[in-house]
Structures are given as C-alpha cells and as structure tokens.
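The values are calculated or read from the model by the stated rules, or taken from the named source; none is laboratory data. Keep in mind it's a predicted model, so treat the numbers as computed, not measured. Don't worry about glycine lacking a Cβ; one is built from the backbone with ideal geometry, like all the others, and counts go over all protein chains shown.
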Amino acid sequence: MRARATRSSFWARLRDWPRSPRGGSGPDTGQAAAPPRTLELPWRHRWDHLPKRTAGFGFTLRDYEAAYRRAAEVARTTLGHELWERAKRQGYLDLSSQLYPGLTYRLRVGQRIEVLPGPTTPSPWPHRYLCINPTYPLPEAEFFAHLYLYVRDHEAEVVRVAAPQPWDQSLGRTF
C-alpha cells in the first residue's frame, strides 16, 4: 500500500510540476504556493516572429544592459581571460580545423564564420562564410563563446549544420 501511495504522490507532483517548481509546495500539499519561476526555458518558445537583432518584445534597455554584462562574463569564463581579451582586441579568434588540415576558421563576435583555406588547401565549401545562428536570441558575446567551443570540440557537427554563404553579415538571432 505504501508503494502505491508513493507512486501516486510522485505522479501528482510530476503533473503539478510546472505550477510548483519546488516540488513540495502547492495547493495539493497544503503548503504555501512557491514564488513564480525565474528559470528561463527559451527552447519551449517559437522565435520566428521576432525582429532580427532583438531579444524579444518587452526587453527593456536595462534588460539589454544586464544581458550584455552577463554575456561578457560568460565569454570570459568560457574562453579564459587571455583568449577573450585577444578576441576583443583583434576582433576575431582563429581556430585550425581538425578535419581539414591547412584550413582555419575565423570566428568573429556577431558575424558568420569565415573559412580561410591555406595556400595549398582547397576549401570543402563553395563559399567563404559559414552561417550558424542560435535557436533563440542570445547576446553576441555569449553565442561567440558557445561557437568557439563547438568549432573546437565538435567540428563535425558544425560542418554538418553550417550553411555556406557567399557574403558576410551579422547573425540573425543575436543582439
């Protein structure tokens, strides 16, 4: 009997989970309701309706400033102080390809990836730029740090999803 009560309690908590993020509070337990959830879940939304280069409707100037500060901290923490300072100073970071010897990827904050083949290395793509956009709006510096790790550690996945482009431009879902 106890196992059955535990299971039904588990399923009740699971069913009510979106309404009671702490699991143990809510109307079913007799305790006070939990405060509203502050955890962002951007993958649960569709972002196609937003204008490019914005974070979404209702984002204030103060929200943008806070997002830029957090993004710079994420980039510095992810890349390390030296690499992040070099990226800010030069405007780019170069990464050598592990899949294509002699090929270099030039990563620039807020821009497409530039493909730089060596003097004797042909490019595997017909165009010089690779376009990869985040799924949901992110600050440029934060996405730059994510992209650096992906190119460095998961190059095959980047090669699979990147769209070769004949021109350079700003990324669409960064701000």
Looking at (1) surrounded by 18 or more Cβ atoms within 10 Å (Cβ to Cβ); (2) without any contact (Cβ under 8 Å) to a residue 40 or more places away in the chain; (3) of a type in the set (Ser, Thr, Tyr), which one does TYR148 not meet, given that it meets all the others? (2)
Among the candidates LEU138, LEU93, residue that is crowded, with 18+ Cβ neighbours inside 10 Å and in contact with a Leu (Cβ under 6 Å, 6 or more places away or on another chain): LEU93
Enumeration of residues in region 109-120 that are of a type in the set (D, E, K, R) and surrounded by 18 or more Cβ atoms within 10 Å (Cβ to Cβ): ARG112
Among the candidates THR60, THR104, residue that is over 20 Å from the mean Cα position of the chain (by Cα), β-branched (Val, Ile, Thr) and closer than 21 Å to PRO42 by Cβ: THR60
Could you pull out the residue among TYR105, TYR136 that is closer than 23 Å to ARG53 by Cα and in the same structural domain as ARG86 (by TED's automatic domain parsing)? TYR136
Before we move on, is LEU130 modelled with pLDDT of 95 or more, surrounded by 15 or more Cβ atoms within 10 Å (Cβ to Cβ) and under 11 Å from ARG112 (Cβ atoms)? yes
Going through TRP11, TRP43 one at a time, which residue ends up being part of a helix (DSSP H, G or I), at pLDDT below 75 and closer than 30 Å to PHE144 by Cβ? TRP43
